[in-house]
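Have a look at the structure below, then the notes.
Every number in this text was worked out from the coordinates using simple rules, so none of it is lab data. The shown structure was predicted, so the numbers you read here are calculated from the model rather than taken from an experiment. In this analysis, Cβ positions are derived from the backbone assuming ideal geometry, glycine residues included, and neighbour counts consider all displayed protein chains.
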Amino acid sequence: MAATPADGDAASLEFGTVEALDQVRKLKDVGAMTRHLHECIAYQRSLDLELEILLSQRGDLDRQLSNLHKSADILEIVKADSAYMLSNVSSTSALADQVSAKVRHLDLAQSRVQDTLLRTDAIVDRSNSLEGVHKSLLVEDFESAASYIQTFLQIDAKFKDSSADDQREQLISYKKQLEGIAKKRLSAAVDHRDHATILRFIKLYTPLGLEEEGFQVYVNYLRKVISTRSKMEFEHLVELVEQSSQVNFEACLTNLFKDIVLAIEENNEILRNLCGEDGIVCAICELQEECDLRGSIILKKFMEYRKLAVLTSEINSYKSNLLSVGVEGPDPREIELYLEEILILTQLGEDYTEYMVSKIRSLASVNPELSSRAIKAFRSGNYSKVAQDITGYYVILEGFFMVENVRKAIQIDEHVLDSLTTSMVDDVFYVLQSCCRRAISTSNISSVIAVLSSAVSLLGGEYNEALQQKMREPNLAAKLFLGGVGVQKTGTEIATALNNMDVSSEYALKLRHEIEEQCQEAFPAPADRERTKSCLSELNEMSSSFKKTLNVGMEQLVATVTPRIRPVLDTVATISYELSEAEYADNEANDPWVQRLLHAVETNVAWFQPLMTANNYDSFVHLVIDFIVKRLEVIMMQKRFSQLGGLQLDRDARTLVSHFSTMTQRTVRDKFSRLTQMATILNLEKVSEILDFWGENSGPMTWRLTPAEVRRMLGLRVDFKPEAIAALRL
């Protein structure tokens, strides 16, 4: 039978369902029937397998069921025990609830009894306090009266009782009476400056609840005491000024600061008891106002006494009339005295401010806003403004003092016995060092920057010009070697001028290092350090400038000396290096040119050693070596060599290295490295041996000769063939 499309597309059946049975009944195609039959058989086999698995588990299930039956008996016992325990817990809970209720009842009763007792005690204490106040006032025991009042008020605040109104009114009356007595007696004690009495009555303000009023009265008293003492000292100072006697502004200002500091330290406990740590800060602010008033008066009197405004005006006028004949500026010695006085006064102010600010910051329980305002008051007050005016005068005076002393040092410059430099080098840098130290001691960054800038300007201007003036020696060769012999006087002058430049370069770096260290201690703020660092970098530039000028001067000296060595070098060109064994042995006994060259160097160079600094002499010798080596390299490149000639060149180079090593503290081997490598090449047995020393085989040696120069040196050997040299791969 042919299958219909519907029969051919029949899908696999899901056996075990009603739908599958319906589909089987509808089948008409034999192939589909056969296929579904096979599927049914497979399904049946899978069912058999599952059934076998389930049956295999029957034994385990039976054992587990048996165990459950046994556990049922135990569960019955547990159930009975649980019921018994529940009964016990329930009875215990009920008993606990009963006990707890009784305890709460007893606790309530006890608290009421205690409250009643406390109120009874309060009534008794109130009566006792009231009676104590009355008796204490009668015998003028004001401290006990204040204590009784404080006790009564504390009790009254805790136990409000309308029945105590009469007692309360009576106590308020006593309190007002005591307040009146305390204020009156305190006012009289302040007028008479009776400190013991003041302390006695100011302590009454706390128990009376008048802390703020007492604080203000006491701070005003402290301020009045400080003001009175400062006025007396200032009046005495003015009398000394009018009498033209010796005036000590430092002592006057020191006493003012000391009085303020002691007022805070000695009364610290009183102020703290009145208004806490905030009270201490407020007291500092109040007393600082007095410091601004009295301190600024002292500073202004100092400026008036020393006529700083007139003096700075004269200095400015002197600077603008430097070319006028007969115009003399102020005496630098007098200026230095004023500078020291200004420095002392400014340091006093800085030390005082630093101490008070640290005092404020050490208080832990202060209102941050109050603390910040108090610290700011020290930098914005009238005293600080006047101190800034003095600092402005200081900068002008310090600049003038520095310029005049540097000029004086240049004018009186002279050679110092047993010294390699003239006097102005040490004098100038001592002046600059002193002025910079003094500027840093002011703790004012603007002053430091101004003085540093003036110092750098002086070094780069007048001082640098003075150094170069001594190096400008016309017709140096004729004066240095008069009659073929070195002239000691001229050599000393030239060497000293070069030494001045060398030592100045070194001193500039030392000055920078010292100032930088001091500024790091004096100015911890990063912004201030950056400002000083920028200014100090100019000292590095000055040191480099001195070095450059020194190098130019050294090259001029070498250019004067080398013509006296050149004739000996020129004779080397006439000496043959195509040596036989006999000639090589003769050269060993009778050196053809090296000893004459070294003698010429000793004669024309070595006599400068005791006249120069070690650094300058080393530089001088190295420049002479540069000249000799370059000339020898040119000469040797024009010669022909036998192998023994190469050995001779190697021996000559070693002799030169050995001798020059004794003349200088610096190494000289690198100067002769090219010449030594030339001798190494000329010593080879055969051309190919160069590969044992070249490239990867060079070991620690760094070749200074190029491949072309190596080939050229190999070509100088009379016994090396050009073909072998050309075949080398370098």
Legend entry - Residues His192, His659, His622, His236 arranged by fewest to most Cβ contacts within 10 Å: His192, His236, His659, His622
Legend entry - Sequence-separation-based contact order of the stretch 278-555, relative, with Cα cut under 8 Å and 6+ spacing, percent: 19 percent
Inset, instruction - On a C-alpha basis, how far is the centre of the stretch 512-583 from the centre of the stretch 590-638 in Å? Whole number, if you could? - result: 18 Å
Legend entry - Range in the chain, longest, excluding exposed trypsin sites (Lys or Arg not before Pro) [loop by DSSP; at most 16 other beta-carbon atoms within 10 Å]: 473-638
Legend entry - J(HN,Hα) series, the stretch 684-695, from Karplus relation 6.51 cos²θ - 1.76 cosθ + 1.60, nearest Hz, glycine and proline x: 5, 6, 8, 4, 5, 5, 4, 5, 6, 10, 10, x
Legend entry - Positive-end residue, the chain charge dipole about Cα centroid, Cβ charges, pick of Gln170, Thr676, Tyr584: Tyr584
Inset, instruction - Hey, could you get me the Stokes-Einstein D for the chain, Kirkwood radius over alpha-carbon pairs, 4 °C and 1.567 mPa s, rounded to whole µm² s⁻¹? - result: 33 µm²/s
Inset, instruction - List the residues whose amide H sits under 5 Å from the amide H of Tyr577, counting only those 5 or more places along or on another chain, with H placed 1.01 Å from N in the peptide plane. - result: Arg640
Legend entry - Column: log10 I(q)/I(0), Debye, Cα scatterers of the stretch 565-726, q = 0.16 Å⁻¹: -0.95
Inset, instruction - Calculate the length of the line joining the C-alpha centroid of the stretch 679-730 to that of the stretch 366-414, in whole Å. - result: 71 Å
Inset, instruction - Classify the stretch 584-676 as rounded, prolate or oblate, taking a ≥ b ≥ c as the square roots of the eigenvalues of its Cα gyration tensor: rounded when a/c is under 1.5, otherwise prolate if a/b is larger than b/c and oblate if not. - result: prolate
Legend entry - Estimated vicinal HN-Hα couplings, Hz - the stretch 259-266 in sequence order (Karplus 6.51, -1.76, 1.60; Gly, Pro = x): 4, 5, 4, 5, 4, 6, 5, 6
Legend entry - Global size of the stretch 253-381 as Cα Rg and Dmax, reported in angstrom: 20.4, 71
Legend entry - Size of electric dipole in the chain: Cβ of Lys, Arg +1 and of Asp, Glu -1, about Cα centre, debye, nearest 20: 1140 debye
Inset, instruction - Output the pairs from Lys203/Lys359; Lys135/Lys203; Lys175/Lys203 with a Cα-Cα distance over 22 Å in this structure; if there are none, say none. - result: Lys203/Lys359
Legend entry - Cα-based reach from Lys671 at 20 Å (exclusive), listing lysines while leaving out same-chain residues under 8 positions away: Lys630
Inset, instruction - Please report, in cubic angstrom per residue, the volume enclosed by the convex hull of the alpha-carbon atoms of the stretch 384-507. - result: 98 Å³
Legend entry - Computed [θ] at 222 nm, deg cm²/dmol, the chain (DSSP H ≥ 4; -39,500 (n - 2.57); rounded to nearest 500): -26500 deg cm²/dmol
Inset, instruction - Note down the relative contact order for the chain as a percent, whole number, built from C-alpha pairs under 8 angstrom at least six residues apart. - result: 6 percent
Inset, instruction - Please list, in chain and number order, the residues 5+ apart from Arg717 or on another chain whose amide H is under 5 Å from its amide H, with Hs placed from the backbone. - result: Phe641
Inset, instruction - Could you run the Karplus curve 6.51 cos²θ - 1.76 cosθ + 1.60 with θ = phi - 60° over the stretch 437-444 and give me ³J(HN,Hα) per residue in whole Hz, x for Gly and Pro? - result: 4, 5, 5, 5, 5, 6, 6, 10
Legend entry - Residues of the stretch 349-384 with amide N under 17 Å of a point placed 7 Å along Cα→Cβ from Asn316: none
Inset, instruction - Any of Lys319/Lys479; Lys408/Lys547; Lys510/Lys548; Lys183/Lys385 with alpha carbons more than 29 Å apart? Name them for me. - result: Lys319/Lys479; Lys183/Lys385
